[in-house]
1. Which residue out of 134, 160, 121, 156 is open to solvent by less than 70 Å² (accessible area, probe 1.4 Å) and either farther than 14 Å from residue 91 by Cβ or of a type in the set (Lys, Arg) (or both)?
2. Conditions first: (1) at pLDDT 90 or above; (2) open to solvent by 70 Å² or more (accessible area, probe 1.4 Å). Residue 17 passes all but one, so which condition is the exception?
3. Got a number for residues in segment 304-336 being open to solvent by 50 Å² or more (accessible area, probe 1.4 Å) and farther than 21 Å from residue 352 by Cβ?
4. Kindly indicate which of 209, 191 is open to solvent by 70 Å² or more (accessible area, probe 1.4 Å) and modelled with pLDDT of 95 or more.
5. Which pairs do you get when a residue that is farther than 30 Å from residue 140 by Cα and of a type in the set (A, V, I, L, M, F, W, C), found in segment 168-194, comes within reach of a residue that is part of a loop (DSSP other than H, G, I, E, B) and open to solvent by less than 40 Å² (accessible area, probe 1.4 Å), reach meaning Cβ atoms under 9 angstrom, with the pair 6+ apart or on two chains?
6. Check off (1) touching a residue at least 24 places away in the same chain (Cβ under 8 Å); (2) assigned to a loop (DSSP other than H, G, I, E, B) for residue 130 and give me the number that stays unchecked.
7. Cβ-Cβ below 9 Å, separation at least six or inter-chain, first residue in segment 314-331 and within 17 Å of residue 366 (Cβ to Cβ) and touching a residue at least 40 places away in the same chain (Cβ under 8 Å), second among the hydroxyl-bearing types (Ser, Thr, Tyr) and in a helix (DSSP H, G or I): which pairs?
Amino acid sequence: MPTLAERDEELIHALNRHPPLKQRIEQLVAVVEDAAGDLARADAAERRVIEEIRRLGQERLQAWAQRQVEQTARSVLERGEVRCGGKKLCWHSTFGLIEVEEPLLRQGTQVQRPFSARAQVTHRCCSQPLQRVVTDVGADVSFQQAAGKLFEHYAVALPVETIRQIVEGHAQAIFDAHETEEDWPTEPGTPWLVAELDGGMVPIMTPDPAQPDQRRGKSLAWKEAKLCLVHALGSATPCYGGTLQGGVEEVGRELFNCAREAGFGTHTRVHAVGDGALWIADQIDQQFGQQGQFLVDFDHACEYLGAAAKTCSPDPTVWLDRQQQRLKTHQLDAVLAELAHHLEPETVADPDAPVRAAQRYFSNRREQFDYPGAQEHGLPIGSGEIESAHRYVVQQRLKRPGAWWCVAQAEAMLALRLNRLNGHWEGYWQDVIKQAA
């Protein structure tokens, strides 16, 4: 085994073979030792180190590329193969632009680029580490803003269109690779899971295929993104699922998949909360059977009572408080009786009959208002968590001012954001590295 002195000598010889690297190391040492005496503040020292590391990375990556090109050229000549000139090759990295003159090889009538094939780069492409950065930034802000942030933090200038292609490409790959768990569990699982579901609208643009210019003749509409989350009772780390193009069955499968990830088992009870949409209660029953129970969001139920209060009492606030207390104390029949006393005549149209709407709403969902039972077990009676999730999962990126999405792109971007929230981000990039290898 070499001694310390021998290793030091070997390192010195290696640095002498690479003068620019040696110079950059000397400059880093000067920063550490504050040779110039101008780095008394930590911020100044950090900025200097960042600058030196960035330069070091760009120079060393450039030197690596040049060395690989030269080795490839020698290999071509040694094999006696025909070299037919060279061509400029450049690609973007997190350290900046890397440029080399690549030798070309002729095999029959085909022109081969051996360095490109070996290094797995193409002209003006972006490296995998840079693609990861671009995708991470572009998942949160507009592609225009992402370009600014890349230049701010990495001094890398990329066209907005390149950023869009990278982000949407990886978003689509994440969507395509997503699979849901459909097998019923065999382990007992966690005692209680809390599930919440809700829908929110996303702006969708559909181009006119008959138009050569896709900006003309497009139609604009809104499409519902269905979102769900599940977590163990007391946990602050939900599992998220969602779909834009899929129907209620698809979001039901996403819900079951989230429950499996959150610890659903043979002895688990699933407490679901949402607005009164019939599809939500149906999916809870379809996915979990006797192990699931659905509760109408308390605030949503109170919206119906609030609308009826103006008709039912000269003091709507007092009347509404009374009905809310009844809901929380197993007195749904009393609420329905109170509403029955103030029903509008049949001649009044439904849009102008809030009391009738409230009575119909509560009558059709009698088993979904067990607020005392939920509170007894420490379970939530509101779905504010999923409503907040719609803001930071869907709306933050897909509902930006002036943004309209093709439905497939919006679905993929939703999958990308869910992937990161669920902690699958690192796994995706490890798979990318394996596939490239």
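The values are calculated or read from the model by the stated rules, or taken from the named source; none is laboratory data. This one's a predicted model, so the numbers in the text were calculated from it and none came from an experiment. A quick note on method: Cβ atoms are made from the backbone with ideal geometry, for glycine too, and the neighbour counts reach across all protein chains shown. Calculation scope for accessible area: heavy atoms of the full protein, side chains included, ligands and nucleic acids excluded. Shrake-Rupley method; radii C 1.70, N 1.55, O 1.52, S 1.80 Å.
1. None of the other options fit; the residue is 160.
2. Among (1) at pLDDT 90 or above; (2) open to solvent by 70 Å² or more (accessible area, probe 1.4 Å), residue 17 violates only (1).
3. 11
4. 191
5. Pairs found: 192/268; 192/379.
6. Here residue 130 clears every test but (2).
7. Pairs found: 327/371; 328/371; 329/371; 330/371.
Results for (1) of a type in the set (S, T, N, Q); (2) touching a helix residue (DSSP H, G or I) at 6+ places or on another chain (Cβ under 6 Å); (3) open to solvent by less than 70 Å² (accessible area, probe 1.4 Å), shown as yes or no for each residue.
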position	(1), (2), (3)
32	no, no, no
44	no, no, yes
48	no, yes, no
55	no, no, no
58	yes, no, yes
67	no, no, no
85	no, no, yes
96	no, yes, yes
102	no, yes, yes
